[in-house]
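*Asks:* The structure's right below; bear with me while I get my questions together.
What follows is calculated from the coordinates using simple rules that are stated; it is not laboratory data. Everything numeric in this text was worked out from a predicted model, so none of it was measured. Neighbour counts are summed over all protein chains in view; Cβ atoms, including those assigned to glycine, are modelled from backbone coordinates with ideal geometry.
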Number of protein chains: 2
Amino acid sequence: MNIRLSKLVTKTKKDAPRDEAAKNAQLLIRAGFIHKDSAGVYAMLPLGLAVLNKIIAIIRDEMDQLGSQELLMTSLQRRELWEKTDRWSDEQVDVWFKSKLKNDTEVGLAWSHEEQMTEMMRNFVSSYRDLPCSIYQFQNKLRNETRAKSGIMRTREFIMKDLYSFARSDAEHDVFYKDMSDAYVRIFDRLGIGEWTYMTWASGGAFAEFSHEFQTITDAGEDIIYIHKGKKIAINEEVMTDEVMATVGVKREELEQVKAAEVGNIFNLGTTKSVPLELNFTDEDGKVKPVVMGSYGIGPARVMGVIVERYADEKGLVWPANIAPADVHLVRLGDDPAVVKAADKLFEDLKSAGKDVLYDDRDESVGRKFADADLIGVPVRLTVSKRTLEQESVELKHRNQADEKMMKISDVITVLK
Amino acid sequence: MNIRLSKLVTKTKKDAPRDEAAKNAQLLIRAGFIHKDSAGVYAMLPLGLAVLNKIIAIIRDEMDQLGSQELLMTSLQRRELWEKTDRWSDEQVDVWFKSKLKNDTEVGLAWSHEEQMTEMMRNFVSSYRDLPCSIYQFQNKLRNETRAKSGIMRTREFIMKDLYSFARSDAEHDVFYKDMSDAYVRIFDRLGIGEWTYMTWASGGAFAEFSHEFQTITDAGEDIIYIHKGKKIAINEEVMTDEVMATVGVKREELEQVKAAEVGNIFNLGTTKSVPLELNFTDEDGKVKPVVMGSYGIGPARVMGVIVERYADEKGLVWPANIAPADVHLVRLGDDPAVVKAADKLFEDLKSAGKDVLYDDRDESVGRKFADADLIGVPVRLTVSKRTLEQESVELKHRNQADEKMMKISDVITVLK
């Protein structure tokens, strides 16, 4: 985002709320990226929304490249739909929030969308010619988590990218599943956590023998996984058996146990949804068959939390350039008219060059300004002061490097491009 | 959006669901823009989401131009917050959906955000230097409507743009309120309904003597208003008294009674939220004062419904160019290799020229293709066939005009720009 900090609605804080245990939420609250409403319920403030939207844009780009089509389903869910797949009762699914219409009809608030998507697609899939296809959304999920203690990594409410694929056969499904797992690898690379993110064999739950999670190594994670660095593959502790190691083709002694956080998952649903919800198609051979489905999730805010955990240092947030709330944090020191003029001009020039700039034009001390720049974590800090102007320069500092250096003002635009 | 209709997940339908009474929803369902899940609950399919996103982009642009900052609050609401303003009980607010956390704590699903926004701002407003400011969001509202019968114009779930302003004094508030009402006029102009949209004096509810609604004349509306065409102002039936006519400066005989649909509203909240929720600031004179607030809503999907009602004809949807799901509906007739080649090339050329194109490359009859183009309602239809190619031409038809005309293929890009 482009803004003068004197105009920014939010402010940095010295302290996080006492009841906030997670590093990611502590820093994001202090830096003014999120607001904690209650346990597991966080609002995205302007800086946080800017980061979230950049993460969403990267995910959307990869989904669109696979030819998937975006739509937006509803939070309100009909009971009868979920009863058909035996996922309505609180015994079967323990994260439901439920409510009632005025006429006492019970409704659910969506924690996922397999059932609604499957039923909706009955309107559009009837022949083999309608397949394969896939649809996705970024939609606000509500999950009644018993505990919420990992900051924005596990919340009661969050936007989720959920994609659903529809295929004519297991073989056709497998092709898409592979394309999607490749897309997930690209997404986490672009988000700056590819190096630490492992496609991980995990339990398939009610649907299949296995699912695949994308797990990012971090001490803040809630899972234990066993990674194979050479093959860039892992096994979740929950399915870590000799049999699974044989299936994956790894040996116990090659694996390393680490803590990790799930940043994405892909599920082979088979026909477990299409059979009870009657999503069928007539194949080329004239036979009516159930559609083979998959579901593929990523929680952009959870990914944001993991990125904070991986990159932040003792001074604050550190954002990878791809998803930073701005490209440049421009600091003006003092209110000497020449300094104000030069900094204002640089702000405009950077914007004209297509850069997003947080411009610290506030009447604050040097210490406070630099501390805030470190806390907010924009990749590049540029400082304009009387001292730098004497050399017709600005001071340049990268957030992830210790040293500053002087640079001619006339070179700034060229160098930052 | 840019897509080949052979790949589009949705399909047009001959009939709308029998239980759908509203023209807007009937047409949008038949054309594949929305999916009806249950009464008052509609999903946005790819074509519908494309329109909705264009409406949202126009509103966002106008809010940003006023210097307002976007954020995203939560659907989950704490009971104690709304009790402070006496808006928790179902007697006071009859559209709540409520649910419970695992520990039996009651939570609400947001139907509006005054309370949460006001409390959140206590973190960032303490001095007169922090004011004035405003924040807004596009957020999914849930409202437990008893009846839902106006299609997407009144639903149980919808994205709302809600903006909240914070000022030091009534005078400062009034300046922003005027700026915002001017922005609303620009928005409805850009959305193609400015001509029929009147700023309307309405009840201020619990907050103030009056509020202002933006009402668009349409037979599908739920309100009766009295319009003054010369002054481009109106009075809602609910406050239509001699006293109000005097305040507005109009006479009964100058007014015309019409049916209208509310497409936006702006509220002077005064200090009715800041006092109970203790959002105060220290003024320049050292005195602690409550912040003066306003709230400003627009429901993009409701606006979409009103646009459908105003523009659609007996053949289907008719979109204003600004918010159409695509710029061009390209129809290929037949599968002669030369026709396929020419149409494919035109599809690519139009995309390269920055146009969004629905490309009907399906194996369907001329009648079906033209009927679908009319139903979907993209402003410009281009047809490529053997016959048009004999003249190195395409046939051009505007959705809102009766006549077709031939145009040289080599001229298409220039003319459409």
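*Asks:* Based on C-alpha coordinates, I'd like the Rg and Dmax of region B:239-300, in Å.
*Replies:* According to the Cα coordinates of region B:239-300, Rg and Dmax are 18.1, 52 Å.
*Asks:* Could you please rank A:TYR136, B:TYR184, placing first whichever residue has the fewest other Cβ atoms within 10 Å of its Cβ?
*Replies:* Ordered by Cβ neighbours within 10 Å, fewest first: B:TYR184, A:TYR136.
*Asks:* In degrees between 0 and 90, to the nearest 10, how far off the longest principal axis of chain B does helix B:337-352 point, with axes built from Cα atoms?
*Replies:* Long axis of B:337-352 versus the principal axis of chain B: about 30 degrees.
*Asks:* Nm distances between the label at A:ASP86 and the same-position labels in the remaining copies, 7 Å along Cα→Cβ, shortest first?
*Replies:* Label-point separations across copies, in nm and ascending: 5.2.
*Asks:* State, as an integer percentage, the relative contact order of chain A based on alpha-carbon contacts under 8 Å between residues 6 or more apart.
*Replies:* For chain A, the relative contact order is 17 percent.
*Asks:* In chain A, once you exclude exposed GluC sites (Glu not before Pro) (DSSP loop, at most 10 other Cβ within 10 angstrom), what's the longest stretch remaining?
*Replies:* Of all site-free stretches, the longest is A:92-283.
*Asks:* Nearest 0.05, what FRET efficiency do B:ALA338 and A:ASP170 give at R0 = 41 Å with Cβ-Cβ as r?
*Replies:* So the FRET efficiency works out to roughly 0.55.
*Asks:* Place a +1 charge on the Cβ of each Lys and Arg in region A:1-85 and a -1 charge on the Cβ of each Asp and Glu, then give the dipole magnitude about the Cα centre in debye, rounded to the nearest 20.
*Replies:* 580 debye
*Asks:* For B:ARG18 and B:GLU195 in the same chain, what is the full-extension length gain: residue separation times 0.36 nm, less their Cα-Cα distance, in nm?
*Replies:* My answer for the length gained is 60.4 nm.
*Asks:* From the phi of every residue in region A:261-266, what ³J(HN,Hα) in whole Hz does the Karplus formula 6.51 cos²θ - 1.76 cosθ + 1.60 yield, where θ is phi - 60° and glycine or proline is x?
*Replies:* Couplings: 10, 6, 10, x, 8, 10 Hz.
*Asks:* Another question about this same structure. Over what distance in Å are the Cα centres of region B:360-391 and region B:1-55 separated?
*Replies:* 20 Å
*Asks:* Another question, then. Test of understanding: in a Gaussian network model of chain A with alpha carbons linked when under 10 Å, which of A:LEU382, A:LEU72, A:LEU163 would top the mean-square fluctuation ranking?
*Replies:* Of the options given, A:LEU72 has the highest mean-square fluctuation.
*Asks:* Let me ask something else about it. Take every Cα-Cα pair in the protein assembly as shown and report what % of them are more than 51 Å apart.
*Replies:* The answer is 19 percent, as a whole percent.
*Asks:* What FRET efficiency do you get for B:SER126 and B:ARG147 if R0 is 51 Å and r is their Cβ-Cβ distance, rounded to the nearest 0.05?
*Replies:* So the FRET efficiency works out to roughly 0.70.
*Asks:* Could you pull the copy-to-copy label distances for B:ARG122, with points set 7 Å along Cα to Cβ, in nm to one decimal and sorted shortest first?
*Replies:* Spacings between copies for this position, smallest first, are 4.9 nm.
*Asks:* Would you order A:TRP196, B:TRP82 from fewest to most other beta-carbon atoms within 10 Å of each residue's own beta-carbon?
*Replies:* A:TRP196, B:TRP82
*Asks:* Could I ask something else about it? Please go through the residue pairs A:LYS341/B:LYS287; A:LYS54/A:LYS141; A:LYS161/B:LYS141 and name each one whose alpha carbons sit more than 25 Å apart in this structure.
*Replies:* Distance filter (> 25 Å) returns A:LYS341/B:LYS287.
*Asks:* Aspartates and glutamates within cross-link reach of B:LYS273: Cα-Cα under 12 Å, excluding same-chain residues under 8 positions apart?
*Replies:* In chain and number order, the partners are B:GLU83, B:ASP86, B:GLU114, B:GLU115, B:GLU119.
*Asks:* Let me ask another. At 222 nm, what helix-only mean residue ellipticity would chain A give, in deg cm²/dmol to the nearest 500, using -39500 (n - 2.57) for each DSSP H run of four or more?
*Replies:* -9000 deg cm²/dmol
*Asks:* Pick from A:ALA246, A:ALA321, A:ALA371: which residue has the top mean-square fluctuation in a GNM of chain A where Cα pairs under 10 Å get a spring?
*Replies:* Taking springs between Cα atoms under 10 Å, the residue moving most is A:ALA246.
*Asks:* Let me ask something additional. Within the set A:LYS11/A:LYS149; A:LYS13/A:LYS259; A:LYS345/B:LYS178; B:LYS23/B:LYS149; A:LYS369/A:LYS397; A:LYS11/A:LYS369, which residue pairs have Cα atoms separated by over 21 Å?
*Replies:* Cα-Cα > 21 Å for A:LYS11/A:LYS149; A:LYS13/A:LYS259; A:LYS345/B:LYS178; rest within.
*Asks:* Another one. Let me understand region B:31-143 better: what is its radius of gyration from the alpha carbons, and its Dmax, in angstrom?
*Replies:* Cα-based Rg and Dmax for region B:31-143 come out at 17.3, 53 Å.
*Asks:* Using the Cα centre as the reference, give the magnitude of the dipole from point charges on the C-beta atoms of region B:3-311 (Lys, Arg: +1; Asp, Glu: -1; all else neutral), rounded to the nearest 20 debye.
*Replies:* Here region B:3-311 has a charge dipole of around 1760 debye.
*Asks:* On full extension of the chain, what length is gained from A:ASP242 through A:GLU209, given 0.36 nm per residue of separation minus the C-alpha to C-alpha distance?
*Replies:* 10.4 nm
*Asks:* Suppose every Lys and Arg Cβ carries +1 and every Asp and Glu Cβ carries -1, with no other charges. What dipole size does region A:61-195 come out with about its Cα centre, to the nearest 20 debye?
*Replies:* 540 debye
*Asks:* Another one. Counting C-alpha atoms alone, how compact is chain A: give Rg to one decimal and Dmax as a whole number, in angstrom.
*Replies:* Values for chain A (Cα only, Rg and Dmax): 24.5, 82 Å.
*Asks:* So, one more: Quick one: Cα centre-to-centre distance for region B:172-187 and region B:68-141, in angstrom?
*Replies:* Going from one Cα centre to the other spans 23 Å.
*Asks:* I've got another one for you. Enter the angle in degrees (range 0 to 90, nearest 10) between the Cα long axis of helix B:46-65 and the first principal axis of the Cα atoms of chain B, meaning the one along which they spread out most.
*Replies:* Taking the Cα atoms of chain B, the angle to B:46-65 is about 50 degrees.
*Asks:* Also: In Å and whole numbers, how far do the C-alpha atoms of region B:8-60 stretch along each principal axis, longest first?
*Replies:* 36, 25, 17
*Asks:* Under a plain spin-label model, where a point goes 7 Å from the Cα along Cα-to-Cβ, how far apart in nm are B:ILE224 and B:ARG252?
*Replies:* Going from the B:ILE224 label point to the B:ARG252 one covers 1.4 nm.
*Asks:* I've got another one for you. On a 0 to 90 degree scale, rounded to 10, what angle separates helix B:366-376 from the longest Cα axis of chain B?
*Replies:* Relative to chain B, helix B:366-376 is tipped by roughly 10 degrees.
*Asks:* Continuing with this model, one more query. Which whole-number value in Å³ per residue fits the convex hull of the alpha carbons of region A:131-193?
*Replies:* Output value, Cα hull per residue: 116 Å³.
*Asks:* Each residue of region B:210-226 in order: what ³J(HN,Hα) in whole Hz does its phi give by Karplus 6.51 cos²θ - 1.76 cosθ + 1.60, θ = phi - 60°, with x for Gly and Pro?
*Replies:* For region B:210-226, the Karplus-derived couplings read 10, 10, 10, 9, 9, 10, 9, 5, 6, 5, 7, x, 9, 10, 10, 10, 10 Hz, x marking Gly and Pro.
*Asks:* On to the next question. Among the aspartates and glutamates, which have Cα under 18 Å from the Cα of B:LYS355 when same-chain residues fewer than 8 positions away are ignored?
*Replies:* Within the straight-line limit of under 18 Å, B:LYS355 reaches these aspartates and glutamates: A:ASP64, B:ASP327, B:ASP344, B:GLU395, B:ASP411.
*Asks:* Starting from a label point 7 Å past Cα on the Cβ side, list the distances from A:GLY205 to the same position in the other copies, nm, shortest first.
*Replies:* 3.8
*Asks:* Grab the Cα-Cα distance for A:ASP411 and A:VAL275, subtract it from 0.36 nm times how many residues apart they are, and report the gain in nm with one decimal.
*Replies:* So the extension gain works out to 42.6 nm.
*Asks:* Let me ask you something else. Among B:LEU269, B:LEU279, B:LEU255, determine the one that fluctuates most according to a GNM of chain B built with springs between C-alpha atoms less than 10 Å apart.
*Replies:* Of the options given, B:LEU255 has the highest mean-square fluctuation.
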